[in-house]
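For reference, the structure is listed below as C-alpha cells.
The values are calculated or read from the model by the stated rules, or taken from the named source; none is laboratory data. All values reported here derive from a predicted model rather than from experimental measurement. Counting neighbours? That spans all protein chains shown, and the Cβs are built from the backbone with ideal geometry, glycine included. These accessible areas exclude ligands, DNA and RNA; they are computed on the full protein's heavy atoms, side chains included. Shrake-Rupley method; radii C 1.70, N 1.55, O 1.52, S 1.80 Å.
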Amino acid sequence: MSKLVEISREWEGQTAAIFASGPSMTREQAESCRGLRCIAVNNQSFDCAPWADILWSTDRKWWLQYLARVRELPSRKLSVQIGLAGEGVEYLLPSKKPFDDRPGYISTGGNSGYAALCLAAKLGAARVLLYGFDMRKVGERSRRHDYPPNLNSAPRFHYWLPRFQELAPELTKRGVEVINCTPGSALRCFPMQQKAQRVA
C-alpha cells in the first residue's frame, strides 16, 4: 500500500527542474537538466527522464494505468492518492491552499504540474525551471502524447492559469525563484527564459 509521508527540505538552496506534459516538452530539454534535481510529471517519467529524482502525479487513473510500467524506475514516487496497489508509492494529503507549508500536505491547484512546483519548493529548491508548461494547445495538441481514452480528459487551462497566478506571490515570499523555460507558454506569471542559467 502507499505510505503517508512528510516532506523535508532535502534540496535546500538547489536548482530543480520540472518536466510537465505540455506538447513542447522534449527529451533534449530533460537531458539538458541532468545534474540538477528533477521532477518528472506523469508520462515524462518514462518518456523523457526515467532517471529523475521524483516521479509525481496527482491523477489516480494515471497511476492505475501506468504503475506496473513505472514501478521499477529508480525515481521516488509521490502522489496524493491513498491506497494505490503496489509498494513504493508515497503520498501527501491534498490541500486547497495556494501553498501549504505543512510537511504532510501539498497544494494541488487541480494540476499535477502545479503540485510538482509546490513539491520542489517544499523540498527547499531556491530556483525551479519549468519545462512542458505550455498551458495551451500547440497546433491541435494539448499534451506531448495523447493518453489512452480512459485518461484523456480535456485540459482545464482556464481553471489552472489563475491558480498559478495565486501561487506565484506565495513562492516569492518564500524566496523561491521560478523560471518558465517553456517556449510560447501561456503561463506568464513567472519570468520567461528559454535557457536558464544553471546554478548548483
Review point. Looking at region 72-119, which GluC sites (Glu not before Pro) are in a loop (DSSP not H, G, I, E or B) and have at most 15 other Cβ atoms within 10 Å?
Key: Glu72, Glu87
Review point. In Å, what Rg and Dmax follow from the Cα atoms of the chain?
Key: 15.3, 41
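How much length is gained on full extension from Glu28 to Glu10, taking 0.36 nm per residue of separation minus their Cα-Cα distance?
Values: separation 18, 0.36 × 18 = 6.48 nm, distance 2.64 nm.
Additional length available on full extension: 3.8 nm.
Could you check how much of the accessible area of region 1-145 is carbon and sulfur, as a whole percent, using a 1.4 Å probe?
49
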Study note, to complete from the structure: The simple spin-label model distance between Leu64 and Leu93, using points 7 Å out along Cα→Cβ, in nm, is 2.5
Check your understanding: Length gain on complete extension for the stretch Arg174 to Glu72, per 0.36 nm per residue less the alpha carbon to alpha carbon distance?
Key -> 33.3 nm
**Study point:** All aspartates and glutamates inside 17 Å of Lys122 as judged from Cα atoms, apart from same-chain residues fewer than 8 positions distant
**Key:** Glu6, Glu10, Glu12, Asp53, Glu90, Asp100, Asp101, Glu166, Glu170, Glu177
Review point. With every protein chain left in place, what is the accessible area per residue of the chain in square angstrom, probe 1.4 Å?
Key: 46
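Calculated from DSSP H runs of 4 or more alone, at -39500 (n - 2.57) each and per residue, what is the 222 nm mean residue ellipticity of the chain, nearest 500?
Numbers: 5 runs with 49 residues, N = 200.
Helices in the chain give a 222 nm mean residue ellipticity of -7000 deg cm²/dmol.
How large is the charge dipole for the chain, taken about the Cα centre, if only the Cβ atoms of Lys, Arg (+1) and Asp, Glu (-1) carry charge, to the nearest 20 debye? Don't skip to the answer; put the middle values down first.
On the way: 28 positive and 19 negative charges, 58 e Å.
So the dipole magnitude of the chain works out to roughly 280 debye.
Under 10 Å from the Cβ of Ala16, count the other residues' Cβ atoms, weight Lys and Arg +1, Asp and Glu -1, and hand me the total. List each step's numbers first, then the result.
Working: positive: Arg37, Arg127; negative: Asp53.
Net charge in that neighbourhood comes out at +1.
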